[in-house]
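Below is one structure; the comments refer to it alone.
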Amino acid sequence: MQKRYIHLRELSEHIKGNFKVGDALPNQHILADKMGYDRITLRENLIRLQCFGFINIEHGKPTTYVNQL
């Protein structure tokens, strides 16, 4: 399994385990530090989770956990 997919799985499990649907996630810098990723890796995986309908990303607004996978 490629490393980026491991990060995706870890990130989705972290979100499911620490947030409720409707919660805003911490900003990318804080979340990247907490997960031990660089911000670019985190951002790529957040975009993938948005494509799956798991989170909502809007410019200028907090990223929101919208749906459980």
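Odds and ends about this structure:
- The stretch 11-69, relative contact order in percent, only Cα pairs under 8 angstrom and at least six apart counted: 42 percent
- With the helix formula -39500 (n - 2.57) applied to DSSP H stretches of n ≥ 4, the chain reaches a computed 222 nm mean residue ellipticity of -17000 deg cm²/dmol.
- For the stretch 45-62, 3J(HN,Hα) computed residue by residue from phi via the Karplus equation (6.51, -1.76, 1.60; θ = phi - 60°) reads 6, 5, 5, 4, 5, 5, 4, 7, x, 7, 9, 10, 10, 10, 4, x, 10, x Hz, glycine and proline entered as x.
- Dmax and Rg, reported as Rg then Dmax, of the stretch 3-65 (C-alpha, Å): 10.5, 29
- Loop sites in the chain: GluC sites (Glu not before Pro), DSSP, at most 10 other Cβ within 10 Å: E58
- Here the 3J(HN,Hα) profile of the stretch 12-22, calculated from phi with Karplus coefficients 6.51, -1.76 and 1.60 at θ = phi - 60°, is 5, 5, 4, 5, 4, x, 10, 9, 9, 3, x Hz, Gly and Pro shown as x.
Just so you know, all these numbers are worked out from the coordinates, no wet-lab data involved. Note that the coordinates shown come from a computational prediction; the quantities given were computed from them, not determined experimentally. Note that we place each Cβ from the backbone using ideal geometry, even for glycine, and neighbour counts take in every protein chain shown.
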